[in-house]
Ligand code: COA
């Protein structure tokens, strides 16, 4: 293992809405079935926020847990970076609402729109800021209220998505070998229209037409996205391992983006990772985009599958297209 970490995660917290929506709930009004959803995606249920549950509130809950674990107070934070594509409002960034809720008045705050890799992109920003001497205590988040941008009448997407938030404090590595060993980021904007929201942005602002056409919701060409995801995640895994100087045998747990169990299985197979060393919780949460990996890490820590010093391979893919991968020693 050759890489020396610059930055390390010192605390992690997660939050999900209480409301559980099962496949049977979709069967009541969509032409779908529990069997189809489980066989094609691995999803059994997801957490969906109520109308009065904001993204900022989910972020607040996750953040306070992460800060408590790291022993970091609100005034210690110098930067808040939130990866999300479902901000509470188009303006300002939800990171600013979170900054106010936390009382983190010494922190700069901004959102990153990198879709599912949003938290990995946030980690890269935190590591870069720390390397440049620009920050020492960064609150990174991946959080989504995807239910607010999902067309609940579209069976091709409605059953896939869920809501949740993950937060992690990133600080300079202490020299004990723990921390981020490598990060790989990438994007291919030529494939943007395979997974996008056509209306409601500045190109086609909100109007009666946008609402009637339901073009303010996510549209996805599932099969094409599936293929691109498998290829990009395989390549990103290889690159992160090579950059870290880590072999797959040295990885204790692979934590892939939870979009589809079949994508996870294909990614693990390419990497030569047995499924016993792959974190899967898509059955409970569906695809929560940027929240997916921190939620999975949080559960793995709770279950004792990640311990101090464990080597993790994180890998993710999403709209943009964007992708990202990380090797880190926990
Ligand atoms: N219930 C029942 N049938 C459904 C359905 C649902 N919820 N959603 C789609 N179908 C149908 C389709 O209409 C299609 O019917 P047809 O053959 O009559 O046209 C059939 O199932 C097969 O569709 P297809 O899109 O080929 O299925 P798939 O095996 O590719 O699975 C996804 C669909 C969306 C689950 C899968 O493509 C996927 O997971 N894609 C990637 C998702 C992803 O990663 N997105 C985000 C990146 S973060």
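If you go through region 227-237 one residue at a time, do you hit one that is more than 30 Å from residue 18 (Cα to Cα), away from the ligand (no atom under 14 Å from the Cβ), crowded, with 21+ Cβ neighbours inside 10 Å and outside the structural domain of residue 69 (by TED's automatic domain parsing)?
Yes, region 227-237 contains at least one residue that is more than 30 Å from residue 18 (Cα to Cα), away from the ligand (no atom under 14 Å from the Cβ), crowded, with 21+ Cβ neighbours inside 10 Å and outside the structural domain of residue 69 (by TED's automatic domain parsing).
Just one of 132, 126, 113 is surrounded by fewer than 21 Cβ atoms within 10 Å (Cβ to Cβ) and in contact with a strand residue (DSSP E or B) (Cβ under 9 Å, 6 or more places away or on another chain); which is it? Full working, then the answer.
On the way: 132 fails: in contact with a strand residue (DSSP E or B) (Cβ under 9 Å, 6 or more places away or on another chain); 126 fails: surrounded by fewer than 21 Cβ atoms within 10 Å (Cβ to Cβ).
Result of the check over 132, 126, 113: 113.
All but one of (1) away from the ligand (no atom under 16 Å from the Cβ); (2) assigned by TED's automatic domain parsing to the domain that holds residue 325; (3) closer than 21 Å to residue 50 by Cα; (4) crowded, with 17+ Cβ neighbours inside 10 Å hold for residue 214; which doesn't?
(4)
Looking at (1) in contact (Cβ under 8 Å) with a residue 40 or more places away in the chain; (2) surrounded by fewer than 16 Cβ atoms within 10 Å (Cβ to Cβ); (3) away from the ligand (no atom under 11 Å from the Cβ), can you tell me which one residue 262 breaks?
Answer for residue 262: the failing condition is (3).
Restricting to region 265-282, count the residues that are closer than 23 Å to residue 149 by Cβ, assigned to a helix (DSSP H, G or I) and free of Cβ contacts under 8 Å to residues at least 60 places away in the same chain. Break it down into steps so the answer makes sense when it comes.
First, the residues of region 265-282 that are closer than 23 Å to residue 149 by Cβ: 281-282.
So of that shortlist, the ones also assigned to a helix (DSSP H, G or I) come out as 282.
Going one step further and asking which of them are free of Cβ contacts under 8 Å to residues at least 60 places away in the same chain, we end up with none.
Number satisfying all stated conditions: 0.
Every residue in region 180-194 that is within 16 Å of the ligand (Cβ to nearest atom) and within 16 Å of the chain's Cα centre (by Cα), please.
185, 186, 187, listed by residue number.
Kindly check whether there is at least one residue in region 283-299 that is in a loop (DSSP other than H, G, I, E, B) and under 25 Å from residue 12 (Cα atoms).
Filtering region 283-299 down to residues in a loop (DSSP other than H, G, I, E, B) leaves 286, 288.
Okay, now just the ones that are also under 25 Å from residue 12 (Cα atoms), so 286, 288.
Yes, region 283-299 contains a residue that is in a loop (DSSP other than H, G, I, E, B) and under 25 Å from residue 12 (Cα atoms).
Can you tell me which residue among 84, 64, 41 is within 16 Å of the ligand (Cβ to nearest atom), within 21 Å of the chain's Cα centre (by Cα) and closer than 17 Å to residue 295 by Cα? Spell out the reasoning first.
Working: 64 fails: within 16 Å of the ligand (Cβ to nearest atom); 41 fails: closer than 17 Å to residue 295 by Cα.
Testing whether each residue is within 16 Å of the ligand (Cβ to nearest atom), within 21 Å of the chain's Cα centre (by Cα) and closer than 17 Å to residue 295 by Cα leaves just 84.
Scan region 113-132 for residues that are within 16 Å of the ligand (Cβ to nearest atom), out of contact with any helix residue (DSSP H, G or I) (no Cβ under 8 Å at 6 or more places or on another chain) and not in a helix (DSSP H, G or I) and jot them down.
So in region 113-132, the residues within 16 Å of the ligand (Cβ to nearest atom) come out as 113-121.
Then keep just the ones that are out of contact with any helix residue (DSSP H, G or I) (no Cβ under 8 Å at 6 or more places or on another chain); that gives 113, 121.
Passing the criteria: only 113.
Could you please find all residues in region 20-57 being part of a strand (DSSP E or B) and crowded, with 21+ Cβ neighbours inside 10 Å? If you could, list the steps in order and put the result at the bottom.
Filtering region 20-57 for residues part of a strand (DSSP E or B) gives 20-22, 45-47.
46, 47 - these are the residues of region 20-57 that are part of a strand (DSSP E or B) and crowded, with 21+ Cβ neighbours inside 10 Å.
Of everything in region 300-330, what is surrounded by fewer than 20 Cβ atoms within 10 Å (Cβ to Cβ), at positive phi and either part of a helix (DSSP H, G or I) or in contact (Cβ under 8 Å) with a residue 24 or more places away in the chain (or both)? Give them in sequence order.
Within region 300-330, 309 is the sole residue that qualifies.
Across region 144-179, which residue is farthest from residue 312 (Cα to Cα) among those that are in a strand (DSSP E or B) and within 16 Å of the ligand (Cβ to nearest atom)? Give the derivation first.
Just the residues of region 144-179 that are in a strand (DSSP E or B), to begin with: 144-145, 161, 163-172, 179.
Okay, now just the ones that are also within 16 Å of the ligand (Cβ to nearest atom), so 144-145, 161, 163-164, 166.
Values: 144: 23, 145: 26, 161: 25, 163: 24, 164: 21, 166: 17 Å.
Among them, the one singled out is 145.
Can we say residue 17 is in the same structural domain as residue 135 (by TED's automatic domain parsing), modelled with pLDDT under 95 and either more than 16 Å from the ligand (Cβ to nearest atom) or not in a helix (DSSP H, G or I) (or both)?
Numbers: in the same structural domain as residue 135 (by TED's automatic domain parsing): yes; modelled with pLDDT under 95: no; either more than 16 Å from the ligand (Cβ to nearest atom) or not in a helix (DSSP H, G or I) (or both): yes.
Taking the combined requirement at face value, the residue does not satisfy it.
The values are calculated or read from the model by the stated rules, or taken from the named source; none is laboratory data. Predicted model, so just to flag it, every value in this text is computed and none were measured. A quick note on method: Cβ atoms are made from the backbone with ideal geometry, for glycine too, and the neighbour counts reach across all protein chains shown.
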